[in-house]
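The values are calculated or read from the model by the stated rules, or taken from the named source; none is laboratory data. Note that the structure is predicted; figures quoted are calculated from it, not measured. When we count neighbours, we look across all protein chains shown, and the Cβ atoms used for this are built from the backbone with ideal geometry, even at glycine. Accessible surface is based on the protein model in full, side chains and every heavy atom, while ligands, DNA and RNA are left aside. Shrake-Rupley method; radii C 1.70, N 1.55, O 1.52, S 1.80 Å.
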Amino acid sequence: MKQLISNTMFDGERPLFGLNDIRLEQLKFYPGESAVKACTNVEARQCEFWSKYPFWHNDQVLIEDCRFTLYCRAAIWYSKNIYMRNCIVEAPKMFREIDGLTIENVKFPGAAETIWNCRDVKIRNIEVQGGDYILMNVNGADIDGFKLQGNYSFQDAKNVVVRNAYLDSRDAFWKTENVTVYDSEIIGEFLGWYSKNLRFVNCKISSTQPLCYCTNVVLENCTMDDECDRCFEESTIQATINSPIRSVTNPGAGFIKAESIGELIINEFCKEPGACKIL
């Protein structure tokens with residue numbers, strides 16, 4: 001049975017350090033550091049965090065109906081088996097070096113540099129504002145229901161599946177590997193450069209110079225709006241586009257099938273003219 005700690009407040013450094021099997025309810029953590037550090041088997045409900053670094057080096061943590069204020073930066077790092085649901089996270093730099101992370105029905109009003117270097121990530125129905133560099137260098141993520149405003153998302157990510165997302169994100173999916181995106185809308189310049197095995201299925205894309213310098217990029221049943229110019233430079237590609245494409249520049253090998261291509265640019269920088277078939 002877990003020890004109940006409820007209806008009080010803490011401040012200062014490490015007030016609950018090293019405790020195991022605890023249930024935290026309706027607590028407030030005022031300015032201080034490392035409030036719930038090095039703990040195992042923790043439940044936190046209806047708590048409010050104003051202190052820095054509250055959950056570091058923990059294992060088996062459930063966080064529900066809590067608020068992490070702007071001052072609670074770098075809140076959850078170097079931990080395992082973290083489950084967060086129905087929370088408000090105002091603080092930046094949430095989640096680093098986590099093994100086993102589940103996030104459900106969470107709003108992030110200011111999510112700069114969030115979810116970095118995490119493994120085995122599951123996300124359901126989150127909304128993010130100001131999420132620059134979110135999900136950087138994750139390895140293994142299953143995402144369904146993701147509304148993002150923030151640039152440079154998913155950089156260096158590997159083994160990711162995204163469904164039902166709206167991503168307003170410049171430079172999304174750079175240098176990714178083994179990423180598939182289903183039934184989503186992606187808005188932002190320079191989409192997916194230098195990626196490997198990046199696949200879009202039933203997606204709407206709006207991006208200046210998208211999908212350049214890629215290896216094995218696949219588009220199935222997608223549309224591209226008029227912002228999509230100078231597409232696919234030096235990329236190996238298999239693309240079936242159910243719309244016109246404004247322009248394509250120096251594609252690599254593979255094929256492109258579209259309703260029409262406004263301008264096909266093949267210039268002196270094209271390494272293998274004719275290697276990519278226009279169907």
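General observations
- Filtered by the rule that a residue be in a strand (DSSP E or B) and closer than 16 Å to Phe173 by Cα, the stretch 108-145 gives Trp116, Asn139, Gly140, Ala141, Asp142, Ile143.
- Residue match in the stretch 241-252 (condition: under 18 Å from Ser169 (Cβ atoms) and among the polar types (S, T, N, Q)): no
- Being in contact with a strand residue (DSSP E or B) (Cβ under 8 Å, 6 or more places away or on another chain), of a type in the set (A, V, I, L, M) and free of Cβ contacts under 8 Å to residues at least 24 places away in the same chain is a property that holds for Ala74.
- Of all residues in the stretch 146-166 being in a loop (DSSP other than H, G, I, E, B), closer than 14 Å to Ile187 by Cα and not aromatic (Phe, Trp, Tyr), the one that is nearest to the chain's Cα centre (by Cα): Ser153
- The sole residue among Glu13, Glu97 that is farther than 24 Å from Asp142 by Cα and open to solvent by 10 Å² or more (accessible area, probe 1.4 Å) is Glu13.
- Residues considered: Arg85, Arg67. Of these, the only one that is open to solvent by 30 Å² or more (accessible area, probe 1.4 Å), within 22 Å of Asp142 (Cβ to Cβ), modelled with pLDDT of 95 or more and not β-branched (Val, Ile, Thr) is Arg85.
- No other residue among Asp226, Asp171 is part of a loop (DSSP other than H, G, I, E, B) and open to solvent by 60 Å² or more (accessible area, probe 1.4 Å) apart from Asp226.
- Residues that are open to solvent by 40 Å² or more (accessible area, probe 1.4 Å), within 16 Å of Ala258 (Cβ to Cβ) and in contact with an Asp or Glu (Cβ under 7 Å, 6 or more places away or on another chain), drawn from the stretch 180-223: Asn202, Lys204
- So Leu211, is it over 22 Å from Lys175 (Cβ atoms) and in contact with a strand residue (DSSP E or B) (Cβ under 8 Å, 6 or more places away or on another chain): no
- Taken together, the criteria place Leu167 among residues that are more than 30 Å from Tyr30 (Cβ to Cβ) and modelled with pLDDT of 95 or more.
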